[in-house]
Amino acid sequence: MLFKNNNFWVRAGIDHTLTVIKFMDYNFDDKQFIENAFKEIIIKNNKNFQIEDKKIKSYIYSWVEVRNIVILWTEAYNNDSNCKFKISDLENLYMIIDNNYTYWKFFQENSDELEDLEERLNNVFNEIIKAKTLKKALNAILIFCHKNYLDGILGRFTSFFNWMLLQALLIFKNYSPIIAKVDKNTQILWFYPLVNMLYNDISSMPMSKWNKSYYFKKTFDFCYENSVKYNALIKKIS
């Protein structure tokens with residue numbers, strides 16, 4: 001199981017953070033620092049490791065929090081396969097992504113939006129637990145995440161929150177995360193417009209037909225192919 005392998009969390013954490021830096025077009029090229037950070041935090045359990053750069057700190061610790069969430073979910077499910085997952089489990093992830101806690105009250109107050117998200121989270125868990133293939137699980141996860149984005153549950157932080165939640169759900173199911181180790185400019189020029197076209201397309205469609213959208217299929221293929229490719233790499237991690 002991936003979640004038990006600290007070497008996986010370190011290696012994938014490094015690769016994921018470097019990929020996010022490229023996607024975000026953020027100017028930071030100290031790969032050695034990122035490698036040391038993950039080894040200190042995950043392998044050595046160094047709770048006092050300092051990261052001065054706020055963006056890099058967010059990128060690194062959001063991956064560490066994905067690890068915490070997957071462990072929490074797995075232990076809860078192993079103890080009770082009928083357990084219900086709570087949105088409060090994701091509060092720390094949000095607070096790492098948005099250090100101003102702009103939407104913090106969303107996690108604190110009972111609301112129709114929170115209840116809806118919690119219900120949909122448990123529905124997607126039921127779907128991925130039953131799924132026999134990556135394609136089945138990924139389809140359910142992407143529909144869940146796209147709905148989150150269209151609802152704008154966390155404003156401008158929704159996209160990155162969704163991305164990390166997508167990774168957590170895949171790893172919970174013991175599938176590889178989506179890590180695309182390709183040229184930055186290719187990703188930005190091709191992927192960002194595709195995602196924008198996807199949301200323009202599905203915003204006027206019933207959710208049951210989202211996966212019929214040309215743009216849904218293109219984003220699905222991107223996620224699927226990069227999960228499969230990265231799976232071949234992590235098999236070599238001992």
### Query
Could you list, in sequence order, the residues of region 115-127 that are buried (at least 20 other Cβ atoms within 10 Å of the Cβ) and either under 22 Å from S213 (Cα atoms) or touching a Pro at 6+ places or on another chain (Cβ under 8 Å) (or both)?
V124
### Query
What number of residues within region 1-30 satisfy the criterion of being at pLDDT below 90, over 23 Å from W190 (Cα atoms), surrounded by 15 or more Cβ atoms within 10 Å (Cβ to Cβ) and of a type outside the set (F, W, Y)?
1
### Query
How about region 208-238: which of its residues are among the hydrophobic types (A, V, I, L, M, F, W, C) and assigned to a helix (DSSP H, G or I)?
W210, F216, F220, F222, C223, V228, A232, L233, I234
#### Entry: Test for L121: is it touching a residue at least 40 places away in the same chain (Cβ under 8 Å) and of a type outside the set (V, I, T)
no
### Query
Which helices (runs of 4 or more DSSP H) sit wholly inside region 1-118 and have at least 3 residues that are hydroxyl-bearing (S, T, Y)?
54-79
### Summary
Log entry, pairs with first residue in region 171-187 being over 10 Å from H16 (Cβ atoms), second being modelled with pLDDT of 95 or more and assigned to a loop (DSSP other than H, G, I, E, B), beta carbons closer than 8 Å, six or more apart or on different chains, reads I171/P177; K173/A131
### Within region 147-195, tally of residues that are of a type in the set (K, R), at pLDDT below 85 and either assigned to a helix (DSSP H, G or I) or touching a Cys at 6+ places or on another chain (Cβ under 6 Å) (or both)
1
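The values are calculated or read from the model by the stated rules, or taken from the named source; none is laboratory data. Quick caveat: nothing in here was measured; it's all calculated off a predicted structure. Please note: Cβ atoms are built from the backbone with ideal geometry, for glycine as well, and neighbour counts cover all protein chains shown.
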